[in-house]
Amino acid sequence: MRRFFFLLCLATLLLLTLPGKNSPGATPSSYRVQTGDNLYRISQKFGVTVEELKKANALQDNTIYAGQVLQIPASSQLHVVQTGENLFRIARRYGLTAEALKAANNLCGDIIHPGQQLVIPEAEGEAVATATPAGNFRVAVTPEDIYLLARLIYAEARGEEYLGQVAVGAVIVNRLLHPRFPKTIRDIIFEKHGSVYQFTPVQNNTINLKPDEQAIRAAQEALQGRDPSGGALFFYNPRKTSDPWIKSLPVTRVIGNHVFARDK
């Protein structure tokens, strides 16, 4: 009798440790919806995004019902938040925007905590969706472009209020959409006329300073369509320039030490 119970316990233990639909590390191919389930709860259970679940099941909205069988796509990458990390640092690490990371995890704010698991979505061609007053547009922006824009913002506007930093980034985005300027962020920032660069930090090499988290966040917001500059194509510090031409341009807004202006 003892031998029978020993074998029974051993068999049970083996069954529990075999990989199966509900074992850790194994993603099931389908899941039957239980009463009280919703897409967000299921997405967290299997480490996928809500959008991935909807796409895998051809769902037009977030409506599901008990007993419905959902196909579970392959898990996205998960990141465990470490002490000292924030959304913007994690997003930069994976070549994403903070907004994309928040959307993938249904976060309403920027607050995260150590030990929290974040779903890392795949970057779609490393493109960032942005917007202009004329409507929505989509432009290919690499993580390197975002970091370069943050470097310019930091070099030009460190010490300025956050709104002014976003406005500096918006000027670059506005130039990106304007026909008279180059068609990439790098070309806009490094544009020069003769031997003179358009932006002083490129001329004096402060463009190589390491940007802080605020400058990176400002770059991301500008690329997502925020434009405190009022559609400006230029900015300058009136105390540091004596150029009569730029001072003659129509002013769109003054933020901190910077005057923002549009073309005549």
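Quick rundown of the values:
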item	result
Proximal charge balance of T252 [Cβ under 15 Å; K/R count +1, D/E count -1]	+4
Reach of K55 by Cα under 18 Å, taken over lysines that are not fewer than 8 positions away in the same chain	K45
Stokes-Einstein D for segment 77-120, Kirkwood Rh over Cα pairs, 37 °C, 0.692 mPa s (µm²/s)	323 µm²/s
Aspartates and glutamates whose Cα lies under 16 Å from that of K54, excluding same-chain neighbours fewer than 8 positions away	D37, E122
Cα gyration tensor shape of segment 29-75, rounded if a/c is under 1.5, else prolate or oblate by comparing a/b with b/c	rounded
Cβ crowding within 10 Å averaged over residues, with 227-240, 197-210, 155-168 ranked highest first	155-168, 227-240, 197-210
Prolate/oblate/rounded label for segment 128-261 (Cα gyration tensor, a/c 1.5)	rounded
Pairwise FRET efficiency - Q44 versus T200, Cβ, R0 = 41 Å, nearest 0.05	0.30
Global geometry of segment 197-253, whether rounded, prolate or oblate, following the gyration tensor of its Cα atoms and the 1.5 cut on a/c	oblate
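The numbers here are math on the coordinates, done by the rules we state, and not lab data. All values reported here derive from a predicted model rather than from experimental measurement. For neighbour counting, all protein chains shown are included, and Cβ atoms are generated from backbone atoms with ideal geometry for every residue, glycine included.
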